[in-house]
1. Measure off 7 Å from each Cα along the Cα-to-Cβ vector at Val312 and Arg280, then give the distance between these two points in nanometres to one decimal.
2. Taking the alpha-carbon distance from Lys46 and a cut-off under 21 Å, which lysines remain once sequence neighbours fewer than 8 residues away in the same chain are dropped?
3. I'd like the antiparallel share, as a percent to the nearest 5, of DSSP beta bridges with both residues in the chain.
4. Evaluate the Kirkwood expression for the hydrodynamic radius of segment 250-326, namely the inverse of the mean inverse distance over all pairs of different C-alpha atoms, and round to one decimal in Å.
5. How much length would be gained if the chain were fully extended between Glu118 and Met176, taking 0.36 nm per residue of separation minus their Cα-Cα distance, in nm to one decimal?
6. Against the longest principal axis of the chain, how steep is helix 329-340, in degrees 0 to 90 to the nearest 10, with axes from Cα atoms?
7. Give me the distance in nm between label points sitting 7 Å out from Cα along the Cα-to-Cβ direction at Leu64 and Tyr211, one decimal.
8. Can you order the peptides 102-115, 195-208 by their average number of other Cβ atoms within 10 Å per residue, highest first?
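The values are calculated or read from the model by the stated rules, or taken from the named source; none is laboratory data. None of the values given here were measured: they were computed from a predicted structure. Don't worry about glycine lacking a Cβ; one is built from the backbone with ideal geometry, like all the others, and counts go over all protein chains shown. Protein only, heavy atoms only, side chains kept; ligands, DNA and RNA dropped before computing areas. Shrake-Rupley method; radii C 1.70, N 1.55, O 1.52, S 1.80 Å.
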Amino acid sequence: MYIGPYQLSNNLIVAPMAGVTDRPFRTLCKYFGAGHAVSEMMTSDKTLRMSKKSLYRANFDGELAPISAQIAGSDPRDLAEAARYQVANGAQIVDINMGCPAKKVCNKLAGSALLQDEDLVARILDAVVAAVDVPVTLKTRLGYLNGQENIMRVAKRAEEAGISALALHGRTREDMYLNTARYSLIKDVKEILNIPVIANGDIDSPEKAKYVLDYTGADAVMIGRAAQGRPWIFREIAHYLKTGEQLAAPSIAEVKEVLLGHLAELYEFYGEYSGCRISRKHIAWYTKGLRSSNEFRQNMYKVESTADQYKVVEAYFNNLLEHGQIMSDVQVEQVNLLETT
Ligand SMILES: Cc1cc2nc3c(=O)[nH]c(=O)nc-3n(C[C@H](O)[C@H](O)[C@H](O)COP(=O)(O)O)c2cc1C
């Protein structure tokens with residue numbers, strides 16, 4: 001699939017996730033075969049451009065091309081200016097966020113709240129496309145409210161504005177993350193557009209990826225939460241799409257190696273203080289469902305330095321490797337129950 005002049009190596013894309021898909025994580029997913037990744041959203045508010053958070057998010061150093069920077073905001077001129085800034089900063093694709101359901105974003109009439117005002121949507125699309133000479137993509141939801149899904153009009157208008165690809169999460173803003181993603185509207189959108197359509201929402205296995213691609217006719221699938229603590233999901237999906245066969249799950253030795261490598265990258269990227277804190281959620285995701293992981297995590301959360309954190313993770317995995325890591329299905333179910341209650 002192409003986004004503008006860029007041919008992606010496959011049709012598996014890492015969803016932008018603020019607080020998760022930083023440069024180390026995007027790089028890891030690309031290593032495991034994701035054909036494309038989009039940055040965390042960056043506000044178009046110029047006054048925040050030099051904040052620590054924005055600087056981390058705008059760091060694309062050494063990242064595999066094409067580099068896609070996501071911008072969020074509500075003012076067409078600010079967004080156009082943010083797009084120009086990101087291109088000067090190294091972005092080869094600019095992605096506009098019209099999907100985020102978070103209160104903090106929607107209260108400022110940004111993210112999915114924009115879907116309430118189609119005229120503003122059109123002005124933003126036109127302004128950003130005119131502002132830069134790189135492809136501009138759009139990520140959005142089905143609409144703002146259930147029963148008032150306006151994605152067919154928004155999608156058509158986006159294509160007319162010159163948007164190069166549309167990523168569509170099969171939920172409305174009202175859905176937040178509840179209910180299940182509705183792929184039927186993604187299919188309808190795909191039928192009326194000529195630009196690539198990327199299907200998103202609840203894709204968490206190779207079979208689901210194949211089902212969504214087949215059912216919607218979408219050009220690509222975008223995977224978010226299922227890649228947390230599981231960046232090899234892209235390898236698994238790519239293998240399944242190619243051969244129809246399931247790849248074996250990674251061994252504990254490989255999970256250990258991937259996680260420790262990921263931690264080293266996070267420490268280098270964020271430094272001592274933030275590196276230790278940001279790594280905690282990743283460690284929690286990687287270890288979910290493993291033997292005694294609940295107890296391990298409670299202790300791990302208390303560790304305050306990167307060196308000690310690295311050591312406790314290493315020791316936990318060494319112990320699994322030495323004493324056997326596999327829990328019975330019943331034990332896994334018990335752990336899952338404990339963790340979700
Ligand atoms: C923690 C988190 C942060 C997210 N941040 C962003 C973001 O910065 N920009 C965006 O367009 N979507 C964001 N999303 C939405 C995802 O890109 C995606 O649309 C959503 O999670 C549905 O896909 P999934 O079911 O594969 O997770 C975020 C989702 C999560 C869970």
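1. 0.9
2. Lys103, Lys104, Lys108
3. Values: 2 of 32 bridges.
Taking every DSSP beta bridge within the chain, about 5 percent pair in antiparallel fashion.
4. Working: mean 1/r = 0.0810 Å⁻¹.
The answer is 12.3 Å.
5. Working: separation 58, 0.36 × 58 = 20.88 nm, distance 1.99 nm.
Computed gain between Glu118 and Met176 is 18.9 nm.
6. Rounded to the nearest ten degrees, it is 60.
7. 2.8
8. Values: 102-115: 19.0, 195-208: 20.6.
Ranking, from highest mean packing down: 195-208, 102-115.
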